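Below is one structure, written out as structure tokens; the observations come after it.
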Amino acid sequence: MVRAGFKDAEDFRSKTYIAALMRCFPGRNRQNTGDLPPQRRGIANCAYWLDDELRLLRPKVIIPIGQLAITRFLGPGALEERVGNRYGEKPVVIPLPHPSGQSRWLNSQANRDRLANALALIAEQRSIFAP
């Protein structure tokens with residue numbers, strides 16, 4: 001988030017609220033090389049927590065990170081079509097790819113450019129709402 005204009009991790013955390021689609025740990029995969037993706041049923045069971053948080057906080061900007069979160073806010077679509085763009089006004093939604101080390105999405109220069117565009121959009125919103 002330094003590339004989006006935040007001084008450091010502490011600055012970012014002091015100006016943002018971080019939430020998850022699911023509140024319970026889905027477990028490790030069979031190879032024990034990473035976490036299992038949350039199941040739809042688990043996400044649905046926890047949706048009311050996130051809905052209540054959003055209702056209470058009324059965020060000006062939402063930054064969904066990863067395909068599951070992006071789908072939750074924007075519906076299905078390819079990362080290549082979403083990352084680097086902004087959606088809506090109240091709140092503004094700016095999707096980012098998941099930073100997992102297992103993802104190969106950022107190996108493509110075009111996708112790194114999309115990420116740079118998304119971070120610039122976040123920087124623009126940060127300068128408006130959290131100068």
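The values are calculated or read from the model by the stated rules, or taken from the named source; none is laboratory data. Just so it is clear, the structure is predicted and the values come from calculations on it, not from any experiment. Positions of Cβ are backbone-derived with ideal geometry, glycine not excepted, and every protein chain shown enters the neighbour counts. Side chains included, ligands, DNA and RNA excluded: accessible areas come from the protein's heavy atoms. Shrake-Rupley method; radii C 1.70, N 1.55, O 1.52, S 1.80 Å.
With the biggest extent put first, the Cα atoms of segment 1-90 measure 39, 28, 28 Å across the principal axes.
Taking the accessible area of the chain, probe 1.4 Å, and keeping the other protein chains in place, the carbon and sulfur fraction comes to 54%.
For the chain, averaging the sequence separation of C-alpha pairs within contact (under 8 Å, six or more residues apart) and dividing by the residue count gives a relative contact order of 25 percent. Surface analysis of the chain yields an accessible area of 68 Å² per residue, using protein heavy atoms and a 1.4 Å probe.
Farthest toward the positive end of the dipole of segment 1-94, out of Pro37, Tyr48, Phe6, is the Cα of Tyr48, where the dipole comes from beta carbon charges about the Cα centre.
The order of the peptides 59-69, 29-39 by mean Cβ neighbours within 10 Å, most packed first, is 59-69, 29-39. Overall, segment 24-131 carries a charge dipole of about 160 debye about its Cα centre when +1 sits on the Cβ of Lys and Arg and -1 on the Cβ of Asp and Glu, all other atoms neutral. In the chain, a dipole from Cβ-located charges (positive for Lys and Arg, negative for Asp and Glu) runs towards its positive end, and of Pro91, Leu121, Met22 it is Met22 whose Cα lies farthest in that direction.
Note on segment 75-90 and segment 1-69: Cα centroid distance 16 Å, given to the nearest whole angstrom. Computed over segment 63-122, the percent of Cα pairs more than 16 Å apart is 37.
Placing +1 on the Cβ of every Lys and Arg and -1 on the Cβ of every Asp and Glu, with nothing else charged, gives segment 1-75 a dipole about its Cα centre of roughly 160 debye.
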